[in-house]
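Down below is the structure, laid out as structure tokens.
The values are calculated or read from the model by the stated rules, or taken from the named source; none is laboratory data. Remember, it's a predicted structure, so these values are computed and weren't measured experimentally. FYI the Cβ positions are ideal-geometry reconstructions off the backbone, even for glycines, and counts take in every protein chain you see. For the accessible areas, the whole protein counts, side chains as well, though only heavy atoms, and no ligand, DNA or RNA atoms are used. Shrake-Rupley method; radii C 1.70, N 1.55, O 1.52, S 1.80 Å.
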Amino acid sequence: QQQQQQQTVQPPSRAPQAPVQRAQTAPSQAHSLSSSMSQAPPSPQAARPASAQSASQQMSQASSQTQSQSQSPTRASSVGRGQRRRSRTDSDSDLMDRHWSEFVVEEGLGEFPIGWEQRFTATGVVYFVDHINRTTTFEDPRVAAREQRRKEALSHESQLPQYKRDLRRKLLKLRHLFKHLKRADAKRFGTAVDGEHRLAPCEVAVSRDSIFEDSYRVIMGLSSAQLRATLNISFYGEAALDYGGVAREWFFLLSKEMLNPYYGLFQFSSSDSQFLEINPNSHINPDHLSYFRFIGRVLGLAVCHAHYIDGAFVMPFYKMLLDREIGLDDMALVDEMFFNSLRWILDNDITDIIDNVFVDEYEAFGVLETVELKPNGSQIGVTEENKHEYVSLMVHHRLLRGVRDQLEYLKKGFYEVVPHKFLEMFDERELELIICGLGHIDVDNWAEHTEYRHCESTDQVVQWFWEVLRSYNMEMRARLLQFVTGTSRVPVTGFGDLRGSQGLKKFTIEVLDDANPSMLPKAHTCFNRIDLPQYPSREIVSSKIVCYFLLLYFNAVLIVPLIIGFCFL
């Protein structure tokens, strides 16, 4: 194609002819497909209906006005592109008002199929070139591809329960809203390149050894528009291009640090729970409010860029993040024993049974603290008449005790990235899935939505791979998923909606026939792909994966001799 594009032809001496099956020349000042092509691209008047002809005539008139100022055909093409982009942007306001149930596939036409290219005639009319079949057409090939994606999406949705189908379409609308907002940010704060406004990428360079501190310093120094721009994450001393995989790993590693109860910002909701809540004693750190604003920004980044946080908060946390009212039922998800006590008070006559007053007691740094739930609460007894007020005040105090300021700063950082109106269609359970994804990994669903390169699903090494994966517990499955994709979380709708550098990208297995069987598997996190040599047995497939986990999660310097001996055996 490069050799073909170097050949140029003179503008045709006559008007473009009717459509032809084979493209025999490119328009004026465009590059030819081959030296044997000698005619113009298909005629817009003959190939389009009347409505399309009128649109083409308008574009031609606009291009003619531009050419009267400058004879550069490149300038004419730029005008055509600019007109098309402006009309697309103008229609976005109407699309934002559409109900989420109308979104089946991502808005826009997406990338061109392999071998296709968009070009412009001398008058700025768009046409499309198929380099593989050596043809031209006015029909955009992405339209047919989008219809195929729509059929596949509907087929995929038919296998999902109703709540997952609804959430999938809400997420599609959310993605569209962010695209619209990013274009507005670029138009307001970006620079014009080829008639289109672009915003500089969000550059985040950190060290693995100090990822929390480095990320805090960078993220807090950026504006809201910069945070919504394309993420470009890099680790010091590591040469890599971030096509999504590095960003997923950054979210994974940063989550482990900023949500670690060791730092005192969060704590487990109870001794037997793995769910996190804001630590009411976090004020011992004088900079804790700034850290909570930073954490809110990171959560907003995850929502904006379709990544996941590796952690889990109590359900009332998401409810308060959405500014929804909390009640007694929310207490059951935080402290079930205390919930049962309050429920018993509401369900039974407490006359002459309890002698509680409107006071709550809690322990802070080994000291028993007492706080009144209302003015003079220590002098007001709980009766059958006021027990509902007592329970309501007790629930709000227990869930918000000492964390109001922390929560406000976290919400401030979150909504600096995500406009509040974007989340009005979600409830707290859906927001949890948007931020954290699924922790459960279904291997059958994983295998069903996997693509294969240079191999088939029936190949022996591929079958061994799935057998080994099914034998793993959930933790080992999560580690393998994190190894290949950069995150241990699964989209709520399953592996069919796994995302890569350019949108949806399924998990991919590639078998390397010429690779040495002694090599470990190799991952391409930006493309969700794992490369497997032709291992001779199931046991070796399992041992190679285990060897990788040992190298990844332990001190390689100390255990290298053990690993080498294990792999040799």
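Here are some notes:
- Anchor residue 374: lysines whose Cα lies under 23 Å away (excluding residues fewer than 8 positions away in-chain): 387
- For residue 162 and residue 401, a Förster radius of 56 Å and the Cβ-Cβ distance give a FRET efficiency of 0.90, rounded to the nearest 0.05.
- In percent, rounded to a whole number, the relative contact order of segment 235-345 is 23, using alpha-carbon pairs under 8 Å and six or more apart.
- Partners of residue 151 within straight-line reach, counting aspartates and glutamates whose Cα lies under 19 Å from its Cα and excluding those fewer than 8 residues away in the same chain: 102, 106, 107, 111, 140, 166, 448, 451, 497.
- Across segment 390-515, C-alpha contacts under 8 Å between residues 6 or more apart give a mean separation that, scaled by the residue count, equals a relative contact order of 29 percent.
- Nonlocal Lys pairs with alpha-carbon distance under 21 Å, segment 390-547 (8 or more apart, or different chains): 5
- List 518, 542, 378, ordered by accessible area with a 1.4 Å probe, largest first: 518, 378, 542
- Net length gained if the chain between residue 312 and residue 147 were fully extended (0.36 nm per residue, minus Cα distance): 55.7 nm
- Against the criterion of solvent-accessible heavy-atom surface with a 1.4 angstrom probe, 179, 319 sort, most first, into 179, 319.
- The Cβ shell under 12 Å around residue 408 holds other residues with a net charge of +2, Lys and Arg each +1, Asp and Glu each -1.
- Stretching the chain fully between residue 155 and residue 283 yields a gain of 41.0 nm (0.36 nm per residue, less the alpha carbon separation).
- Additional length obtainable on full extension of the chain from residue 457 to residue 379, 0.36 nm per residue less Cα span: 20.8 nm
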